[in-house]
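Notes follow the structure.
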Amino acid sequence: MLSLGSGGGKAAKPSFISYVTPEEIKIKDGEISRKQKQPDLQPGEVIFCSAYPVLKCEGPQRGVYGTLCCTNFKISFISEESLSEETAPPLSNKLLGENDIALSCVDQIYGVRDEKKKLIIGGQVKNKYPPKLLIYCKDFRVFQFCLSYAKEEEAKKIFQGIVHHSLEPKSLKCAFAFSYCEEVLSPEVSKKIPATVMFESKDNWKLELNRTRSSCKVAHVNENYVVSERLPQYFAVPFAVSDEDIRKFKGQGVPLWCWSHSNGSALFKMSALPNVQDDGTSQVYQMFVDRMTNAVCQNQMYPVKTQDFSSGFLPLADLQQSYNKFKQFFLIDNTAEFWLSDVKWFSSIENTGWLEKIQECLNKATEIVLSLEEENSCVLMIEDCSDLCCLFSSLVQVMLDPYYRTTPGFQSLIQKEWVVGGHSFLDRCNHLYQKEKESQSPLFLLFLECVWQLLQQHAPAFQFSETYLTVVSDSVHIPLFSTFLFNSQHQRDTATKLEYPDSQRHSLMIPSVWDWSLQFDWKVQALFTNPLYVEKPKQDKALRKPYRPKHQRQFSLPNSSSKPSPRKSFFKEETDNLKKMLSGMRIGKWINATEMQLSATRQFYESWQRKPLDYHGLILPCLDGPAIKIWLQRYLRWIPEAQIFGGGSVLTMKKVSDLAAEIEDLKNEMEKMAHNMHAGNTKKLFFSSFHAPTRLSSSFPFASLRTWSTRPVIPTSIVQSLGSVSNLAEKEDEDTEGVEVF
């Protein structure tokens, strides 16, 4: 298996590369216009440098000429050829065109000279420039530009400008969001986000507490961040937790409410107190944690089970290393490389460990669901509250609460657990390209991966589509939205505060990513809706109902069968020691605890599977290895050789969408006949907003239509070594040669 850049800066072997050379594409006199084209600029966007003519390579012995520009927002290639409506990608972005790359979306840049590629490192660029430029993007696009035809001075400037603005460390104020908002007055932008709860006010938290029928309270002791800069201004805690408790260790050791189950159990998270060598201080810390744990018990009338993620479960460095290996198999810059990787593709993907990490997360989330759903226990997750706590609290709520499987609910969940919860997006995504990358880790992407697995296994339970999740993952790397740009709410409020406020505003209003109209029109947003979604019956007006009858089997809590009804004399003096033992005991210290927990989780899943499936109740992931799949739309959408022409899941979705639209038309006609009302416009679903081409590709709606052949170009020596596999690939391409390709 050929790994791209797996060794950091290793150059690929010349015999393995089939890059386009300048001599392969002939230039006729007068073929290139001398007038440079300018890119469409956003408010606050300025051009730093440009070069013309530049050749953008688009396949074996094919390319297009145009102008290559670098701005304070993006790298943009303006082609001399204009795309027709038939060839333009259906999912067009208002901010970024098909040939635009946001600066924060650049992953790696290689210089190509004499058919050898070399990794370009920011800060180490000399006066020379390579004839060709390879740009690998975080959304898995690969661009190849030939600078040989441009003037030497222009080529040197565009090369140095791209490397400097996309790979070298920068300050937060250099993010394009600040330049954009200085030009655009946007207080009204945030008002365009109906139904998404932002969790930036006391009323937002009270609304959520009422929706889940929680018995916790909203704490506002951290208004203006007077207690802690890591905590949000408002959050929910048990009633027994006082303001003084929150101030004592600046919010550390305090149980923060995440979600309440209809059976009375609840999910909390806690920032672990620091480990100290002093016995006296350690004892004070332990007494405080015990008191906070008892506060949860008193509030919920249930024992507490802890999940300690601070002891090395799923290390961030291992997660980043696994993802780095995994993504190399999807950054394909030439046809030969793709067919080489195809030989041992599945085994190589498995060896990266990324799919195993997804499986571990789903399994751990199922364990927490087991405690809440079956064992009637409160779960207290201990960490720094900004990484694994965000991941597992979000996953658990998606599995348990149908509201969070709707589009507005899912966006509210990300706001509550990730944005307001203090996930360090700036550091974890390395938006500023700091050289110290120890803090970088794809935790939020891992969450989206897990949700995608659930969506594939239980599609009717989700209102949003696979395309929606892919767009959310892409939006992380667009430096215009406050949602994924900061480490905390305090950092956002401090950075956006104007030094000299005027009468109109006191701070910059950076838009939220949930205002999708900034990126897409209504036709594209129709693709975010899942046509398979089963809506809740309208006659059911209850806010929350038990998701299914409680199973009789109890797995691990002692004396659970004889437990008295909740909130009725549960706390007695003789049970205090038992509750302390349960609250302080970690599963990892039990004898054969791992085997016992896996067995309990398996029994829980099998028991749930035997019951009728309720798409508006609890959903659990299938934890068998083959059930964990690769998110093909996200990773393979830009590789023409990997597309399925006229097939794939996109064809099934189109047929289902057409059928759903037809059913809705019939329902409207029936309502018109029953109520003698004028039938309004039928709601268009999924593909209905587009004139879909007669031949769809599995890359829909991202890749644009292309007409060149995808016949593999492989050196003769490699063809002979591949044998029958290569022959099969050649035969398939002969059958499809000349067809329209997305």
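Quick one: would you say Y136 is in contact (Cβ under 8 Å) with a residue 12 or more places away in the chain, of a type outside the set (S, T, N, Q) and closer than 18 Å to C69 by Cβ?
Details: in contact (Cβ under 8 Å) with a residue 12 or more places away in the chain: yes; of a type outside the set (S, T, N, Q): yes; closer than 18 Å to C69 by Cβ: no.
So Y136 does not fit the description; no.
Restricting attention to region 145-170, which residues are buried (at least 17 other Cβ atoms within 10 Å of the Cβ) and either small (G, A, S) or at positive phi (or both)?
Once the filter is applied, which keeps residues that are buried (at least 17 other Cβ atoms within 10 Å of the Cβ) and either small (G, A, S) or at positive phi (or both), region 145-170 yields A150, A155, G161, S166.
Looking at I162, is it β-branched (V, I, T), in a loop (DSSP other than H, G, I, E, B) and under 27 Å from the mean Cα position of the chain (by Cα)? Show your work before the answer.
Details: β-branched (V, I, T): yes; in a loop (DSSP other than H, G, I, E, B): no; under 27 Å from the mean Cα position of the chain (by Cα): yes.
Spelling it out, it is not the case that I162 is β-branched (V, I, T), in a loop (DSSP other than H, G, I, E, B) and under 27 Å from the mean Cα position of the chain (by Cα).
Can you tell me which condition D342 does not meet? The list is (1) under 18 Å from D107 (Cβ atoms); (2) buried (at least 16 other Cβ atoms within 10 Å of the Cβ), and all the others hold.
All conditions pass for D342, except number (1).
Could you tell me which numbered condition C389 fails, if it satisfies all but one of (1) of a type in the set (A, V, I, L, M, F, W, C); (2) out of contact with any Gly (no Cβ under 9 Å at 6 or more places or on another chain); (3) not in a strand (DSSP E or B)?
So the condition that C389 fails would be (2).
Would you list the strands (runs of 3 or more DSSP E) that sit entirely within region 66-127 and hold 1 or more residues that are surrounded by fewer than 16 Cβ atoms within 10 Å (Cβ to Cβ) and not aromatic (F, W, Y)? Let's see the steps before the verdict.
Values: elements: 74-79, 100-102, 106-113, 116-119.
Filter on region 66-127 gives 106-113, 116-119.
Quick check on F447: is it in a helix (DSSP H, G or I), under 23 Å from C105 (Cβ atoms), open to solvent by less than 10 Å² (accessible area, probe 1.4 Å) and at pLDDT 90 or above?
On the way: in a helix (DSSP H, G or I): yes; under 23 Å from C105 (Cβ atoms): yes; open to solvent by less than 10 Å² (accessible area, probe 1.4 Å): yes; at pLDDT 90 or above: yes.
Criteria met by F447.
Of the conditions (1) free of Cβ contacts under 8 Å to residues at least 12 places away in the same chain; (2) on the phi < 0 side of the Ramachandran plot; (3) assigned to a helix (DSSP H, G or I), N224 satisfies every one except a single condition; which number is it?
(2)
For region 212-235, indicate whether the set of residues that are closer than 22 Å to I414 by Cβ, in contact with a Gly (Cβ under 6 Å, 6 or more places away or on another chain) and charged (D, E, K, R) is non-empty.
Among the residues of region 212-235, at least one is closer than 22 Å to I414 by Cβ, in contact with a Gly (Cβ under 6 Å, 6 or more places away or on another chain) and charged (D, E, K, R), which makes the answer yes.
The conditions are (1) in contact with a Lys or Arg (Cβ under 8 Å, 6 or more places away or on another chain); (2) crowded, with 18+ Cβ neighbours inside 10 Å, and F239 fails exactly one of them. Which is it?
All conditions pass for F239, except number (2).
Output the number of residues of region 290-342 satisfying the condition of being closer than 30 Å to L134 by Cα and polar (S, T, N, Q).
Within region 290-342, the subset closer than 30 Å to L134 by Cα is 316-342.
If we keep only those that are polar (S, T, N, Q) too, we end up with 320-322, 324, 328, 334-335, 341.
Number of matching residues: 8.
Condition (residue is assigned to a helix (DSSP H, G or I), open to solvent by 20 Å² or more (accessible area, probe 1.4 Å), of a type in the set (A, V, I, L, M, F, W, C) and within 30 Å of K497 (Cα to Cα)) applied to region 171-180: is it met by at least one residue? Break it down stepwise before answering.
Just the residues of region 171-180 that are assigned to a helix (DSSP H, G or I), to begin with: 172-174, 176-180.
Remaining after also requiring open to solvent by 20 Å² or more (accessible area, probe 1.4 Å): 172-174, 179-180.
Filter once more, so that each one left must be of a type in the set (A, V, I, L, M, F, W, C): 172, 174.
If we keep only those that are within 30 Å of K497 (Cα to Cα) as well, we get 172, 174.
Yes, some residue in region 171-180 is assigned to a helix (DSSP H, G or I), open to solvent by 20 Å² or more (accessible area, probe 1.4 Å), of a type in the set (A, V, I, L, M, F, W, C) and within 30 Å of K497 (Cα to Cα).
Hey, does region 275-294 have a residue that's of a type in the set (V, I, T), surrounded by 15 or more Cβ atoms within 10 Å (Cβ to Cβ) and closer than 20 Å to H423 by Cα?
Checking region 275-294: not a single residue is of a type in the set (V, I, T), surrounded by 15 or more Cβ atoms within 10 Å (Cβ to Cβ) and closer than 20 Å to H423 by Cα.
Would you point out which residue out of F338, F326 is assigned to a helix (DSSP H, G or I), under 30 Å from the mean Cα position of the chain (by Cα) and modelled with pLDDT of 95 or more? Working first, answer last.
Working: F338 fails: modelled with pLDDT of 95 or more.
After ruling out the rest, the residue left standing is F326.
Do we have K269 as among the basic types (K, R), under 24 Å from S394 (Cβ atoms) and touching a helix residue (DSSP H, G or I) at 6+ places or on another chain (Cβ under 8 Å) here?
Numbers: among the basic types (K, R): yes; under 24 Å from S394 (Cβ atoms): yes; touching a helix residue (DSSP H, G or I) at 6+ places or on another chain (Cβ under 8 Å): yes.
Judged against the criteria, K269 is a match.
Filtering region 616-638 down to residues that are modelled with pLDDT under 95 and aliphatic (A, V, I, L, M), which residue is farthest from R602 (Cα to Cα)?
L636
Has region 248-263 got at least one residue that is open to solvent by 50 Å² or more (accessible area, probe 1.4 Å), β-branched (V, I, T) and in a loop (DSSP other than H, G, I, E, B)? Walk me through how you get there before you give the answer.
Residues of region 248-263 open to solvent by 50 Å² or more (accessible area, probe 1.4 Å): 248, 250, 252, 262.
From the residues that got through so far, the ones that are β-branched (V, I, T) too are none.
No: region 248-263 contains no residue that is open to solvent by 50 Å² or more (accessible area, probe 1.4 Å), β-branched (V, I, T) and in a loop (DSSP other than H, G, I, E, B).
The values are calculated or read from the model by the stated rules, or taken from the named source; none is laboratory data. This one's a predicted model, so the numbers in the text were calculated from it and none came from an experiment. Virtual Cβ from ideal backbone geometry, glycine too; neighbours counted across all protein chains shown. Please note that ligands, DNA and RNA were not included when accessible areas were found on the heavy atoms of the full protein model with its side chains. Shrake-Rupley method; radii C 1.70, N 1.55, O 1.52, S 1.80 Å.
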